[in-house]
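K.L.:
The structure is given below, and queries will be raised subsequently.
The values are calculated or read from the model by the stated rules, or taken from the named source; none is laboratory data. Keep in mind the model is a prediction, meaning the values are calculated, not measured. So basically every Cβ, Gly included, is an ideal-geometry build from the backbone, and we count neighbours across all protein chains shown.
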Amino acid sequence: MSESKTNNALKRLKAICGHVFTKENKYAQELIATAQRIATPGKGILAADESIGTIGKRFKAINVPNTRENRRAYRYLLSSTKGLGKHISGVILFEESLFETMADGSDLVDGFKKEGILLGIKVDKGTRHLPGTDGELYTQGLTDLDKRCKKYYEFGARFAKWRAVVKILDKVGPSLNAINETAHSLARYAAICQANGLAPIVEPEILMDGKHDLATAQKWTEKVISTCYEALRLQGVLLEGTLLKPNMVLPGAQCDKKYGPADCAAATVTALQRSVPVAVPGITVTTEPSNTYRYPYIYIYINITKCICISDRMMMTT
């Protein structure tokens, strides 16, 4: 995004809402530019933020030892791919990758930078059981987040990702406690990131566990996302400097009724239209492997029905 367009966006923001945040945060223009750049039409985000344990499982499947040298070689293979910047606008990294150096003294992430790809960092520290709930979860990582964000920015990161998860309990749905905890943690994370120059990707993931149907999944997706944005507003988060990373709206994995890609695409787009503020510049839809639902086909249906553009915002897979 050009500097003039960034300045115009900031001026419109101040004129419309006069939010004190844009006056106090020295990174406001940079945050807006980062979010707009990541949401470049025709590009997506590369999720390369596998933890050491997760990448170890993948290496085990191909009989490769989970050593630091092998992890470095794998990540270098990604970062050195020529022409990657034609299709990827940002890459989400695990902390080890951001600070990794090669034998010649160069940084592992130099290849991404040469391709014009923005560096992002996963900042949450995983989930734990939320006390007082029926197996629901909360996300850790807020305690030292401010300190870590300062360090990540110094090392070249310009955006961050925080994953919160919500379970739809059979018959009752997610508890109010779990929804509020998810919204609060995402809002605090986003505010802390923006205070340190990182554009936050907000990721409230609705898990597929359960027997709920598609309509139920859509209802709770709308509720969770709406609650998250209310919390972001209360925390003074600059929405123009954020992105949303929701999952596609799908029925529970144990649901007896089967739905086609067009049904899932329509439910996804409707939920987003109803719950995402127009100020958010980009929506990066999460796609994960599924034995039941073919994500590429759902994404194709979203494009075919021209629902890809929600208030001029691009939806991208990661």
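K.L.:
Of all residues in the range 69-85, which are touching a residue at least 12 places away in the same chain (Cβ under 8 Å) and assigned to a helix (DSSP H, G or I)?
P.N.:
R71, R72, Y74, R75, Y76, L78, S79, L84, G85
K.L.:
G132 - would you say it is of a type outside the set (D, E, K, R), over 21 Å from F159 (Cβ atoms) and either at pLDDT 95 or above or not in a helix (DSSP H, G or I) (or both)? Spell out how you get there, then give the answer.
P.N.:
On the way: of a type outside the set (D, E, K, R): yes; over 21 Å from F159 (Cβ atoms): yes; either at pLDDT 95 or above or not in a helix (DSSP H, G or I) (or both): yes.
So G132 fits the description; yes.
K.L.:
Moving to a separate point now. Specify the residue that is farthest from N25 (Cα to Cα); the eligible residues are those in the range 177-197 that are polar (S, T, N, Q) and surrounded by fewer than 24 Cβ atoms within 10 Å (Cβ to Cβ).
P.N.:
Of all residues in the range 177-197, those polar (S, T, N, Q) come to 177, 180, 182, 185, 194, 196.
Checking the rest, the ones that are also surrounded by fewer than 24 Cβ atoms within 10 Å (Cβ to Cβ) come to 177, 180, 185, 196.
Values: N177: 31, N180: 26, S185: 20, N196: 9 Å.
In this case the residue turns out to be N177.
K.L.:
Follow-up. When the range 246-264 is examined, which residues are found to be surrounded by fewer than 23 Cβ atoms within 10 Å (Cβ to Cβ) and either at pLDDT 95 or above or in a loop (DSSP other than H, G, I, E, B) (or both)?
P.N.:
Here is the first cut: in the range 246-264, the residues surrounded by fewer than 23 Cβ atoms within 10 Å (Cβ to Cβ) are 247, 252-263.
Once the filter is applied, which keeps residues that are surrounded by fewer than 23 Cβ atoms within 10 Å (Cβ to Cβ) and either at pLDDT 95 or above or in a loop (DSSP other than H, G, I, E, B) (or both), the range 246-264 yields G252, A253, Q254, C255, D256, K257, K258, Y259, G260.
K.L.:
Further, regarding this structure: Answer yes if at least one residue in the range 221-236 is modelled with pLDDT under 95 and part of a loop (DSSP other than H, G, I, E, B), and no otherwise. Even if it seems obvious, please write down each step before you answer.
P.N.:
Our first condition is that a residue be modelled with pLDDT under 95; within the range 221-236, this holds for none.
Taking every residue of the range 221-236 in turn, none turns out to be modelled with pLDDT under 95 and part of a loop (DSSP other than H, G, I, E, B).
K.L.:
Name, by its number, the condition in (1) touching a Ser or Thr at 6+ places or on another chain (Cβ under 7 Å); (2) farther than 22 Å from R148 by Cα that does not hold for G105.
P.N.:
(1)
K.L.:
From the set of residues in the range 9-58 that are among the acidic types (D, E) and either at pLDDT 90 or above or surrounded by 12 or more Cβ atoms within 10 Å (Cβ to Cβ) (or both), which is farthest from A190 (Cα to Cα)? Before the answer, list the steps.
P.N.:
As a first pass, look at the range 9-58 and keep what is among the acidic types (D, E): 24, 30, 49-50.
Still in the running and either at pLDDT 90 or above or surrounded by 12 or more Cβ atoms within 10 Å (Cβ to Cβ) (or both): 30, 49-50.
On the way: E30: 15, D49: 18, E50: 21 Å.
By that ranking, first place goes to E50.
K.L.:
Quick check on V172: is it within 16 Å of G210 (Cα to Cα) and either touching a Pro at 6+ places or on another chain (Cβ under 7 Å) or in a strand (DSSP E or B) (or both)?
P.N.:
Details: within 16 Å of G210 (Cα to Cα): yes; either touching a Pro at 6+ places or on another chain (Cβ under 7 Å) or in a strand (DSSP E or B) (or both): no.
No.
K.L.:
Out of the residues in the range 270-300 that are of a type in the set (A, V, I, L, M), at pLDDT below 90 and in a helix (DSSP H, G or I), which is nearest to P246 (Cα to Cα)? Steps first, please.
P.N.:
Our first condition is that a residue be of a type in the set (A, V, I, L, M); within the range 270-300, this holds for 271-272, 276, 278-280, 283, 285, 298, 300.
If we keep only those that are at pLDDT below 90 as well, we get 285, 298, 300.
With the extra rule that they be in a helix (DSSP H, G or I), the set shrinks to 298, 300.
Details: I298: 14, I300: 17 Å.
In this case the residue turns out to be I298.
K.L.:
Within the range 32-66, take every residue that is of a type outside the set (V, I, T) and assigned to a strand (DSSP E or B) and give me the one that is farthest from E240 (Cα to Cα). Talk me through it step by step, then tell me what you get.
P.N.:
Narrowing the range 32-66 to residues of a type outside the set (V, I, T): 33, 35-37, 39, 41-44, 46-51, 53, 56-61, 63, 65-66.
From what's left, assigned to a strand (DSSP E or B): 44, 46-48.
Numbers: G44: 18, L46: 21, A47: 22, A48: 25 Å.
Once the filter is applied, the top-ranked residue is A48.
K.L.:
Consider A215 against the criteria (1) buried (at least 22 other Cβ atoms within 10 Å of the Cβ); (2) aliphatic (A, V, I, L, M); (3) not in a strand (DSSP E or B): it satisfies all of them except one. Which criterion is unmet?
P.N.:
(1)
K.L.:
Can you pull out every residue in the range 111-124 that is assigned to a loop (DSSP other than H, G, I, E, B) and surrounded by fewer than 22 Cβ atoms within 10 Å (Cβ to Cβ)?
P.N.:
Result: E115, G116, D124.
Rundown of residues vs (1) assigned by TED's automatic domain parsing to the domain that holds K211; (2) within 27 Å of I92 (Cα to Cα), yes/no style:
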| residue | (1), (2) |
| --- | --- |
| R148 | no, yes |
| F159 | yes, yes |
| W162 | yes, yes |
| V165 | yes, yes |
| G173 | yes, no |
| A178 | yes, yes |
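K.L.:
Still on this model: In the list T101, T143, T139, T127, which residue meets the criterion of being touching a residue at least 24 places away in the same chain (Cβ under 8 Å), surrounded by fewer than 20 Cβ atoms within 10 Å (Cβ to Cβ) and hydroxyl-bearing (S, T, Y)?
P.N.:
Values: T101 fails: touching a residue at least 24 places away in the same chain (Cβ under 8 Å); T143 fails: touching a residue at least 24 places away in the same chain (Cβ under 8 Å); T139 fails: surrounded by fewer than 20 Cβ atoms within 10 Å (Cβ to Cβ).
Going through T101, T143, T139, T127 in turn, just one is touching a residue at least 24 places away in the same chain (Cβ under 8 Å), surrounded by fewer than 20 Cβ atoms within 10 Å (Cβ to Cβ) and hydroxyl-bearing (S, T, Y): T127.
K.L.:
Just one of P200, P204 is buried (at least 21 other Cβ atoms within 10 Å of the Cβ), over 16 Å from P281 (Cβ atoms) and not β-branched (V, I, T); which is it? So that I can check it myself, show each step before the final result.
P.N.:
Values: P200 fails: over 16 Å from P281 (Cβ atoms).
Residue meeting the stated conditions: P204.
K.L.:
Looking at (1) surrounded by fewer than 23 Cβ atoms within 10 Å (Cβ to Cβ); (2) in contact with a strand residue (DSSP E or B) (Cβ under 8 Å, 6 or more places away or on another chain), which is the only condition W162 fails?
P.N.:
So the condition that W162 fails would be (1).
K.L.:
Please give the number of the condition K150 fails out of (1) under 16 Å from N196 (Cβ atoms); (2) more than 18 Å from the chain's Cα centre (by Cα); (3) part of a loop (DSSP other than H, G, I, E, B).
P.N.:
The failed condition is (3).
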